[in-house]
Amino acid sequence: MEQNARILTDEEEKRIHKKLLGLRATQLLLIPSDGSKPNVLPFSLAKVLSYCAEWCADGNDCPDGMFELDCTHFISHALSKTRVLVNLPETTCTNGVCIRVAELAAAFFNSTRTYSNVKKIASHGDTRRGDFCFIPGFFGLTKLHAMILADAATATGAKVFGHTNSRCGEYIDFEGEKCSYYRVE
């Protein structure tokens, strides 16, 4: 029997980020790669989805190749195609993009308070293709997992683009996990 996933509250997300990142949790942001400080984060959903379609099955355009745990690396490279990076990642790949999911999740969370076009989505029914999905403790793991929705999500799962287990629009069951969704418009 499928269990419904629940959307994390802001307080739950803050606790998770603080537990995993300490004080850094409040400092991480999505930023334009040119260092500018706009009110609207520059973003192209078409470029993100094009990257996802090209690289979802295997690999990426990074000299480092795929990492054993590659979900964040994949999504960060997709974001970099629209010139968006995480401002203070502790570790990056050769191309300078964030590779730690807790940092990327905190950057999205904090960016909702910085940019008018970065939104947290309040319900599964409000999601759509191109939204970013984070799930803490996915399948019993102690780490977060990150994906990009290939279609609207339901409370039981979604079709996603992602890595670690490469996904190209396949449906995955959220197995009753808690999740959060973000959209950059």
Residue list for the range 153-185, filter: in a strand (DSSP E or B), out of contact with any Cys (no Cβ under 9 Å at 6 or more places or on another chain) and in contact (Cβ under 8 Å) with a residue 60 or more places away in the chain: Gly157, Asp173, Lys178, Arg183, Val184
Subset of the range 95-122 [modelled with pLDDT of 95 or more, polar (S, T, N, Q) and over 11 Å from Val40 (Cα atoms)]: Asn110
Answer residue from the range 20-55, given it is within 18 Å of Arg183 (Cα to Cα) and surrounded by fewer than 12 Cβ atoms within 10 Å (Cβ to Cβ) and is farthest from the chain's Cα centre (by Cα) among those: Asn39
Hits in the range 37-89 (condition: modelled with pLDDT under 85 and closer than 30 Å to Leu23 by Cβ): Cys62, Asp64, Phe67, Glu68, Leu69, Asp70, Cys71, Thr72, His73
Selection count, the range 124-152, where residues are modelled with pLDDT under 95 and part of a loop (DSSP other than H, G, I, E, B): 4
The one condition in (1) over 12 Å from the mean Cα position of the chain (by Cα); (2) buried (at least 20 other Cβ atoms within 10 Å of the Cβ) that Ala105 fails to fulfil: (1)
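The values are calculated or read from the model by the stated rules, or taken from the named source; none is laboratory data. No experiment lies behind these values; they were computed from the predicted model shown. We place every Cβ from the backbone using ideal geometry, glycine too, and count neighbours over all the protein chains shown.
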